Amino acid sequence: MSPPTLPSALCVSLLAVPDASAAVVYSLHEVFSSVGRTWEVLTGQHQDARLMSPQIVAESKQAFRTVLGVPVVPDRVFAETQQSDIVIVADLALEDGFDPRDRWPQATAWLREEYERGAIICSVCTGALMLAEAGLLNRLEATTHWSVQKVLQNHYPEVVLKAERVLSPAGPEHRIVTSGGSASWSDLALYLIARFSGKEEARRIAKIFLFGDRRNGQLPFAAMARPKQHNDAVIARCQSWIASHYAVANPVECLVEQSGLAGRTFARRFKAATGYAPLDYVQTLRIEEAKQMLESTHTPVDAVALGVGYDDAGSFRRLFKRCTGISPSAYRQRFQGI
């Protein structure tokens, strides 16, 4: 039986106008380009997640500078763009007292066309004004940056403003999604990745880019690095065995037995081949499995500890915090929330 094929890559169009924030456009481009690709490069773990194909779309293919002087090089123009699955308007740098009406006629016309063709239309920060100008927010709940709330209310009174929100999916099938301040582009990106490529991939992307609470440093985001490549067939066989038996009692003794080597010889060869001492390797595997259980289930922490090979839940908690910088409960709260 052949494995199921993944859907084709999602076409994500990043709308670029001179008012747009190039930082947000290019940040979104890099994050979406990483979906389904970068985790395997970093960890060696193959993941079947739907890919995303970002493209920068503008009125002209000619490179231009934003109002803040950053160069932008479009991939496509409105007239030749393939049908988009998702369109995102980045936040807009607008001068004091600006009037958004009739400001982006070609861009707003293209947004309406893409919406009619079935695309999901999104905005970051002040980009909601362009969606409102396109008539896409009428009678829908939406959010935007606090600095343009009055502008949006004055010029587009049919918009139901929910300024307290960071993300506001709205409309039939949530085909309109607005987000709050400029930094909310990462929240929007994770929302879209979780929605179309899966929650697990959204968590992986959050770990790659360190999205979210970083007050505990990088440890909560870190994963087991790509295994060292080696030609030691005995150690490779032991690695394959322990990948399915990491929860056994006395795992290092079992590995030595599997190898057929003397204990010291095994330890020396294992460290040379993998870069890990045998016990450290097993503990790392156990902690990685515990992370998966904490992220994707509501299994009590004590049961998670037992499931990965620790009879003493207290010892498991201490080891988990040493490896990740936070407690198992805090880890679950952080990553289940994505």
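Would you indicate which of [x] 1.05; [y] 1.22; [z] 0.90 is the value of Cα Rg over 2.2 N^0.38 Å derived from the coordinates of this structure?
Checking each listed value against the structure points to [y].
Just the number, please: percent antiparallel of the DSSP beta bridges in the chain, rounded to the nearest 5.
Roughly 25 percent of the beta bridges in the chain run antiparallel, per DSSP.
If I model a spin label at VAL234 and SER147 as a point 7 Å from the Cα along the Cα→Cβ vector, what separation in nanometres do I get?
Here the modelled spin labels are 6.6 nm apart.
Excluding same-chain residues fewer than 8 positions from LYS291, which lysines have a Cα within less than 20 Å of its Cα?
Hits, sequence-local ones excluded: LYS199, LYS207, LYS321.
Could you line up CYS254, CYS122, CYS238 from fewest to most neighbouring Cβ atoms inside 10 Å?
Least crowded to most crowded, the residues run CYS254, CYS238, CYS122.
As I understand it, the value is the acute angle between the Cα axis of helix 105-116 and the longest principal axis of the Cα atoms of the chain; what does it come to in degrees, rounded to 10?
60 degrees
Using only alpha carbons, build the gyration tensor for region 138-274 and give me the equivalent ellipsoid semi-axes, biggest first, whole Å.
Taking √(5λ) for each Cα gyration eigenvalue gives 54, 15, 11 Å.
Show me 101-107, 284-290 ranked by packing, highest mean number of other Cβ atoms within 10 Å first. Could the numbers behind the result be given before it?
Working: 101-107: 14.7, 284-290: 19.6.
Sorting 101-107, 284-290 by mean packing, highest first, produces 284-290, 101-107.
Compute the acute angle (0 to 90°) between the alpha-carbon long axis of helix 185-197 and the principal axis of greatest extent of the alpha-carbon atoms of the chain; round to the nearest 10°.
Result, in degrees: 70.
At a Cα cut-off below 17 Å, give the lysines reachable from LYS162, other chains included and same-chain residues fewer than 8 away excluded.
LYS150
Using Cβ contacts closer than 10 Å as the measure, can you line up ILE193, ILE205 from fewest to most?
ILE205, ILE193
Order 183-189, 44-50 from most to least packed using the mean count of other Cβ atoms within 10 Å.
Ranking, from highest mean packing down: 183-189, 44-50.
Can you tell me the FRET efficiency between ARG76 and ALA223 if r is taken as the Cβ-Cβ distance and R0 is 30 Å, rounded to the nearest 0.05?
Here the calculated transfer efficiency is 0.30.
Comparing THR144, THR299, THR126, which has the greatest mean-square fluctuation in the GNM of the chain with Cα pairs linked when under 10 Å apart?
So, out of THR144, THR299, THR126, the one fluctuating most is THR299.
Rule-based calculations on the coordinates, nothing more; no lab input. Being a predicted model, the structure only gives us computed values, none of them experimental. Note: ideal-geometry Cβ built from the backbone for every residue, glycine included; neighbour counts use all protein chains shown.
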